[in-house]
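Visitor: Structure below; questions to follow.
What follows draws every value from the coordinates through simple rules; no lab data is involved. Keep in mind that what you see is a predicted model, and the values were worked out from it rather than measured. Because the Cβ atoms are built from the backbone with ideal geometry, glycine has one as well, and the counts that use them run over all protein chains shown.
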Amino acid sequence: MVRRCVESVAAQTVPVTHFMVSDGFAQQFLDSLPVRHVRLGVAHDDCGDTPRAVGSMLAIREDFEAITYLDVDNYYLADHIELMCEAQASADAEVVAASRFFLRPDSSVLPYVDHRPEAHVDTNCMFITRRAFDVAALWGAIPRQLSIFGDRVIWAAVKARGHSWVHVDEPTVAYSMLWAPAYRSCGEDPPPGAKDGGPAARQALEWWRGLTDSQRQYYEQPFGMKLGLG
């Protein structure tokens, strides 16, 4: 699975640099792959927000033109980055939202219908250019207790800060579907190990609603906006 992810990035039709951030579980074989292997040494257990923050800071510091994110169980089609660049240039957009298709554990395609980008853009579908790097720097500011909503918070920040964005309809992100409700919506039984995000989401919301107004303002300050969690 890891090799599939890495090989899909290496196969892109335009030059890219791949930071592979090991969040507490570094594997030595990664050093032989075409990645910049970054070991954090500690598992942060925040749905990937910390490794995304670290990867973003490295990309910003090293003067890259754009940042994308790819969870290790997913992969890109070979022309993914090229299409993102073309869409960005055509619309002069600061952010591009890709489309994804969904895979069952056996790699067959699940006919699940994705959210429209006006409502939600998955982390793996974000292409953030330098003019919107202020948003990429926010991953580390998301409270750990709200990490299950990380991509929703970042996408809300894109819109709240007025960054222009464009959506690419052609799906180029292969997303391993591990959420049980998606299978039920397609009339299928969830596969073994599928997750139900409901309890974790409710726990996160209960934590947020239990804060005082001043405590919520403390966590919202880096974003300069209401987090919109009710």
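Visitor: Find which of Tyr69, Val96, Ile154 sits farthest along the positive direction of the dipole of segment 59-161, computed with +1 on the beta-carbon of Lys and Arg, -1 on that of Asp and Glu, about the Cα centre.
Guide: Ile154
Visitor: Considering the Cα positions of segment 1-67, please state its Rg to one decimal place and its Dmax as a whole number of Å.
Guide: 12.1, 34
Visitor: Can you run phi through the Karplus equation (6.51, -1.76, 1.60; θ = phi - 60°) for segment 101-107 and list ³J(HN,Hα) in whole Hz, with x for Gly and Pro?
Guide: 10, 10, 10, 6, x, 8, 6
Visitor: At q = 0.11, 0.12, 0.19 Å⁻¹, what is the log10 ratio I(q)/I(0) for segment 1-134, with the Debye formula run over Cα points and no solvent?
Guide: -0.41, -0.50, -1.30
Visitor: How much space per residue, in cubic angstrom, does the convex hull of the C-alpha atoms of the chain take up?
Guide: Details: hull volume 30.5 nm³, N = 230.
It comes to 133 Å³ per residue, whole-number rounded.
Visitor: Continuing with the same structure: What is the distance in Å between the Cα centroid of segment 1-54 and that of segment 71-113?
Guide: Going from one Cα centre to the other spans 18 Å.
Visitor: Could you check what % of the DSSP bridge pairs in segment 17-166 are antiparallel, to the nearest 5? Numbers along the way, then the final one.
Guide: Details: 8 of 14 bridges.
Taking every DSSP beta bridge with both residues in segment 17-166, the antiparallel ones total about 55 percent.
Visitor: Here's another thing I want to ask about it. Please report the orientation-averaged projected area of segment 120-230, defined via the convex hull of its C-alpha atoms, in nm². It would help to have the intermediate numbers written out before the result.
Guide: Details: hull surface 33.7 nm².
Mean shadow area of the hull around the Cα atoms is 8.4 nm².
Visitor: Still on this structure, I have one more. Counting other Cβ atoms within 10 Å of each Cβ, which GluC sites (Glu not before Pro) in segment 36-123 have at most 13 and sit in a DSSP loop? Working shown, then result.
Guide: On the way: sites: Glu62, Glu65, Glu82, Glu86, Glu94, Glu118; in loops: Glu62, Glu65, Glu94, Glu118.
Taking segment 36-123 and a limit of 13 other Cβ atoms within 10 Å, the loop GluC sites (Glu not before Pro) found are Glu62, Glu65, Glu118.
Visitor: Tally Lys and Arg at +1 and Asp and Glu at -1 over the other residues with C-beta under 14 Å from the C-beta of Leu211: what net charge comes out?
Guide: +1
Visitor: Now, a different point. Could you work out how far apart the two model spin labels at His115 and His44 are, taking each label as a point 7 Å from the Cα in the direction of the beta carbon, and quote it in nm?
Guide: Computed distance between label sites His115 and His44 equals 2.1 nm.
Visitor: If you don't mind, there's one more thing I want to ask. For the ranges 23-35, 160-172, what's the packing order if you count other beta-carbon atoms within 10 Å of each residue, average per peptide, and put the highest first? Numbers along the way, then the final one.
Guide: Values: 23-35: 12.9, 160-172: 15.4.
Sorting 23-35, 160-172 by mean packing, highest first, produces 160-172, 23-35.
Visitor: Oh, and also: If segment 98-160 were replaced by its equivalent ellipsoid, with semi-axes equal to the square roots of 5 times the Cα gyration tensor eigenvalues, what would those be, largest first, whole Å?
Guide: Values: eigenvalues 121, 40, 24 Å².
Whole-Å semi-axes of the equivalent ellipsoid: 25, 14, 11.
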